[in-house]
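Chemist: Let me begin by handing over the structure; questions about it come next.
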Amino acid sequence: MKTISKLLLAISFAISVTTSAFAVTAVSWGGAYTESQKLGYGDPTAKALGIEINWVDYSGGLSEIKAQKEAGAITWDIIDVFAMDTINGCDEGLFVEFDFDKDFPPAPDGTPASKDFFTAMPSKCAVGNILYSWNYAYNTNNVKGTPKTIKDFFNTEKFPGKRAIYKGALTNLEIALAADGIKPGKGGAKIYKALETEKGVNRAMDKIKALCTDPNGGCVFWSAGAQPPELLVSGEVVMATGWNGRFFGAEVGEGAPIKQVWDGQGLDYEYFVQVKGGPNDANGKAKKALAMMTSTEMLAGSAKYIAYAPWRKSSIAIMEAGEPWYKDGKTNMVPQMPTAPQNTKNYFLVDPVFWADNGTELGEKWEAMKAGL
Amino acid sequence: MSSETNKILTTDGIPLEVSLKRSERKNKIKAFLLVAPLLLFLIITYIFPIGSMLTRSIDDKMVTEMLPKTYKAMETWDGKELPSEEVFEAFYFDFRNLVEEKREGKLSTQLNYTKNGFKSIIKKLRRKSKSFEEGNYKEQIMAVHKRWADVEYWQAIKRRAPAYTTQKYLKGMDMYKNESGEIVSVDEDRRIHRVLWLRTLEIAFFVTLFCFLMAYPIAHLLATLPMKYSNLLMICVLLPFWTSLLVRTASWMILLQQQGMVNDFFVWIGLVGDDNRPEMMFNKTGSYVAMTQILLPFMVLPLYSVMKTISPSLMRAGKSLGGTPLVAFWKVYFPLTIPGIGAGCLLVFILAIGYYITPALVGGASGTLISNQIAFHMKSTLDWSFASAMGLMLLTGVLAIYWVYNKIVGVDNIKLG
């Protein structure tokens, strides 16, 4: 049974392998994000190394690469993944483990790569790409006054109206506790400590439940990144959590009347992983391309097109020197970065290990809570 | 006279019977060869995946093979209190082998499916176990993390001992087999699958009902109008059918949200107050409206194809025999359309039961259906055996409905067009 299934999957994948078998295949989320990667560092790397890089879209998760591996016909080389997926994929043996400082170039001033990144990697298979933020924004036309803190997001008395929050438990539990008075501590350590206990989880769930059942409040759950700015602009909600790059796109790119609040933001990351046994694994091309794409200068390039922070600290200096860095030629990008000092006065780092550990059970509790709304 | 002379022979001397059988067999083989590609296709794309799903959902050999010594040592453990030093020692030696083979990550993933919290403590154990001293493994392992000293985690390990298991199916019903072999429900605040099954059935049922109520008059109109009007109407039915699913879903969001066009119109004509706009989106209403519209053509088309074949003279005959229009419709016309109703309802119901993008986008808090949960385990947790188990449960449900339908109406009475 197993051999036949492998054979079948192999056939189906063999058909999907196109003429570009020799190019390095990089897989990412598509849309403006992939665009920023392709223009920011993909094309320059391809040009510098003489390696063709093909960008392919996917919708996240590891199911496709796992199926490719089971079929024995891997067609992807580099994948842009969530933190949790680097851990799960590394555990499953899907990805190449890195020798970090050997595989990745140091910063221009000689700082080794492992010291140049904002935090340590969640697994041996990950190399940082961008940092993005789960912050919140409000519609300036529909909100009287200026929300400033994460507590204001939950304050329906002062700021009545519906809120849009993410459909899953991820980051919602964290902001609920931050708004309920738990100081995040360094990188959010105190929040996650509280969430380790049943009491903490219930406290967070109750806070969300209170917001959603409040006649002055109410919740809309979003699932796609494009939804939060859309819901804000249409007036369906007065405040929405979302990804800062999307808010930036609506605010600066399209001039929508929305404003971001950084208090209590959750810093999250995107990583690159290299697929073990990918078409360009043995010949070293994939690793070479990946090392170049995640170098100081290259990472800074993507921030020209989207408001996500390059993972390397040294990239910020390049952006500062080049301001206004945004592609429109008049917007300063450094203050828009989730990592900018004025934006990180009160924040937490989304903890991939916590979510890899507890994601399923918390997810079930979350859905059960939602079902009772 | 011998019987041989009685046999009719063909011109080349072979008995006719044999010759006939031979040529029939030839025809049968030819016919089989003609359908062989289709049969092969069905086996490859249908029978085979279902078979592999079934094995995947009950096969639990992986963990059994990873921890052979542990399970041997656990045989004498009653599962009530923390296991003895013997079990800890066996676990340590199994674990050391796994670390050498770099397979401890897979173990952590598998155990994490049974009980959350294993991922990090196994990683921690890998780091710490390098400096373990010989002997007294119980204490050393328990010192790594407080969860290793929690009996629940050892019970979870024991639950994975059998090579074949029905645990995934039980989990799909919010139940599990505990260490003494009883089937019990999970904690109340984690019971989600039963709610989702019921919600999925409920939404599928009502969507089918609404589709039927709306499609019946439309199909009737289509079947009875003169050709030039009915063609135009047909295009109106089919046009949305050719539009992308996401576009249609998004249009409903624009129309029905609280600040949407429909609500704006209600406010403008004074039906509702500006601060009292009804919520028609991001709740069940949204799901019903969007799904009914999207699935409507699947009901209209079979109904239309059946109604087209019903001669108008039958209704006239019914009326001339003394029936009122209503009686004539109910006694004559309606029974004739049952094959179409059966086909349409089955089609819509089966499609609705597996729907997930639309309810996820427009359904709000109650938007998650069982298929969303399957997708979550396929893509996110990579627990494919659980996803397979739930997929098969869904399939069994559909087959059960088909069986009931067959008993009540009869499958011969389906007409798809």
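The values are calculated or read from the model by the stated rules, or taken from the named source; none is laboratory data. The model shown is predicted, which means the values in this text are computed figures rather than measured ones. Ideal geometry is used to build each Cβ from the backbone, glycine not excepted, and the neighbour counts take in all protein chains shown.
Chemist: Among the residues that make up the stretch B:328-346, is at least one of them farther than 20 Å from B:LEU296 by Cα and hydroxyl-bearing (Ser, Thr, Tyr)?
Modeler: yes
Chemist: Sticking with this structure for a sec: Quick test of your reading of the structure: B:PRO278 fulfils all but one of (1) at pLDDT 90 or above; (2) in a loop (DSSP other than H, G, I, E, B). Name the failing condition by number.
Modeler: (1)
Chemist: How about the stretch A:19-124: which helices (runs of 4 or more DSSP H) wholly inside it have at least 2 residues that are more than 14 Å from chain B (Cβ to nearest Cβ)?
Modeler: A:31-37, A:43-49, A:100-103, A:113-116
Chemist: Restricted to the stretch A:139-187, and to residues that are under 21 Å from the mean Cα position of the chain (by Cα) and polar (S, T, N, Q), which residue is farthest from A:THR344 (Cα to Cα)?
Modeler: A:ASN172
Chemist: I would also like to ask the following. When the residues of the stretch B:178-194 are filtered to those that are closer than 17 Å to B:GLU152 by Cα, surrounded by 16 or more Cβ atoms within 10 Å (Cβ to Cβ) and modelled with pLDDT of 85 or more, which remaining residue is nearest to the other protein chains (Cβ to nearest Cβ)?
Modeler: B:ARG190
Chemist: I've got another one for you. Return yes or no: is A:ILE130 hydrophobic (A, V, I, L, M, F, W, C), away from chain B (no Cβ under 13 Å) and under 30 Å from A:VAL275 (Cβ atoms)?
Modeler: For A:ILE130, the condition - hydrophobic (A, V, I, L, M, F, W, C), away from chain B (no Cβ under 13 Å) and under 30 Å from A:VAL275 (Cβ atoms) - is met.
Chemist: Another one. A:VAL143 fails exactly one of the following numbered conditions: (1) closer than 24 Å to A:LEU267 by Cα; (2) hydrophobic (A, V, I, L, M, F, W, C); (3) not assigned by TED's automatic domain parsing to the domain that holds A:VAL56. What is the number of that condition?
Modeler: Of the numbered conditions (1) closer than 24 Å to A:LEU267 by Cα; (2) hydrophobic (A, V, I, L, M, F, W, C); (3) not assigned by TED's automatic domain parsing to the domain that holds A:VAL56, the odd one out for A:VAL143 is (1).
Chemist: Still on this structure, I have one more. For the stretch B:289-327: of the residues being hydroxyl-bearing (Ser, Thr, Tyr) and in contact (Cβ under 8 Å) with a residue 60 or more places away in the chain, which is nearest to B:VAL362 (Cα to Cα)?
Modeler: Among those residues, the one meeting the criterion is B:THR292.
Chemist: Could you grab me the full set of residues in the stretch B:103-116 that are farther than 15 Å from A:GLY359 by Cβ, free of Cβ contacts under 8 Å to residues at least 40 places away in the same chain and within 7 Å of chain A (Cβ to nearest Cβ)?
Modeler: Scanning the stretch B:103-116 gives a single hit, B:GLY105.
Chemist: Keeping to the stretch A:41-81, report how many residues are within 21 Å of A:GLY245 (Cβ to Cβ) and surrounded by 23 or more Cβ atoms within 10 Å (Cβ to Cβ).
Modeler: 5
Chemist: Then there is this: Which of (1) more than 24 Å from the chain's Cα centre (by Cα); (2) outside any loop (DSSP other than H, G, I, E, B) is the odd one out, the single condition B:LEU271 does not satisfy?
Modeler: In the conditions (1) more than 24 Å from the chain's Cα centre (by Cα); (2) outside any loop (DSSP other than H, G, I, E, B), B:LEU271 misses (2) alone.
Chemist: Next up: Say we look at the stretch B:227-257 and pick out the residues that are polar (S, T, N, Q) and not in a helix (DSSP H, G or I); which of these is surrounded by the fewest Cβ atoms within 10 Å (Cβ to Cβ)?
Modeler: Applying the filter and picking the extreme gives B:SER244.
Chemist: Right, next: Quick one: is B:MET280 within 14 Å of another protein chain (Cβ to nearest Cβ) and surrounded by 17 or more Cβ atoms within 10 Å (Cβ to Cβ)?
Modeler: Yes: the conditions hold for B:MET280.
Chemist: Among residues belonging to the stretch B:160-197 that are assigned to a loop (DSSP other than H, G, I, E, B) and of a type in the set (Asp, Glu), point out the one that is nearest to B:PHE91 (Cα to Cα).
Modeler: My answer is B:GLU179.
Chemist: Is it the case that the stretch B:58-73 has a residue that's within 14 Å of chain A (Cβ to nearest Cβ) and in contact with a His (Cβ under 8 Å, 6 or more places away or on another chain)?
Modeler: Within the stretch B:58-73, not a single residue is within 14 Å of chain A (Cβ to nearest Cβ) and in contact with a His (Cβ under 8 Å, 6 or more places away or on another chain).
Chemist: Specify which of the listed residues (A:TRP222, A:TRP243) is touching a residue at least 40 places away in the same chain (Cβ under 8 Å), hydrophobic (A, V, I, L, M, F, W, C) and away from chain B (no Cβ under 12 Å).
Modeler: A:TRP243
Chemist: Return the residues of the stretch B:117-127 that are over 15 Å from B:ALA149 (Cα atoms) and facing chain A (nearest Cβ under 7 Å); say none if nothing qualifies.
Modeler: Scanning the stretch B:117-127 gives a single hit, B:LYS119.
Chemist: Continuing with this model, one more query. Where in the stretch A:255-373 are the helices (runs of 4 or more DSSP H), entirely inside, with at least 2 residues that are within 14 Å of chain B (Cβ to nearest Cβ), without any contact (Cβ under 8 Å) to a residue 60 or more places away in the chain and buried (at least 21 other Cβ atoms within 10 Å of the Cβ)?
Modeler: Answer list for the stretch A:255-373: A:352-371.
This table checks each residue for (1) of a type in the set (Gly, Ala, Ser); (2) in contact with an Asp or Glu (Cβ under 6 Å, 6 or more places away or on another chain); (3) over 24 Å from B:LYS168 (Cβ atoms); (4) loosely packed, with under 10 Cβ neighbours inside 10 Å.
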| site | (1), (2), (3), (4) |
| --- | --- |
| B:THR11 | no, no, yes, yes |
| B:SER19 | yes, no, yes, no |
| B:GLU24 | no, no, yes, no |
| B:LYS30 | no, no, yes, yes |
| B:LEU40 | no, no, yes, no |
| B:THR55 | no, no, no, no |
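Chemist: Is there a residue being under 16 Å from A:THR294 (Cβ atoms) and in the same structural domain as A:MET292 (by TED's automatic domain parsing) anywhere in the stretch A:58-78?
Modeler: The answer is yes, given that some residue of the stretch A:58-78 is under 16 Å from A:THR294 (Cβ atoms) and in the same structural domain as A:MET292 (by TED's automatic domain parsing).
Chemist: May I pose another question? Is at least one residue of the stretch B:43-53 within 30 Å of A:PRO122 (Cβ to Cβ) and either touching a residue at least 12 places away in the same chain (Cβ under 8 Å) or not in a helix (DSSP H, G or I) (or both)?
Modeler: No, the stretch B:43-53 has no match at all.
Chemist: Just name the residue that is nearest to the other protein chains (Cβ to nearest Cβ) out of those in the stretch B:204-226 that are aliphatic (A, V, I, L, M), touching a Leu at 6+ places or on another chain (Cβ under 7 Å) and surrounded by 19 or more Cβ atoms within 10 Å (Cβ to Cβ).
Modeler: B:VAL207
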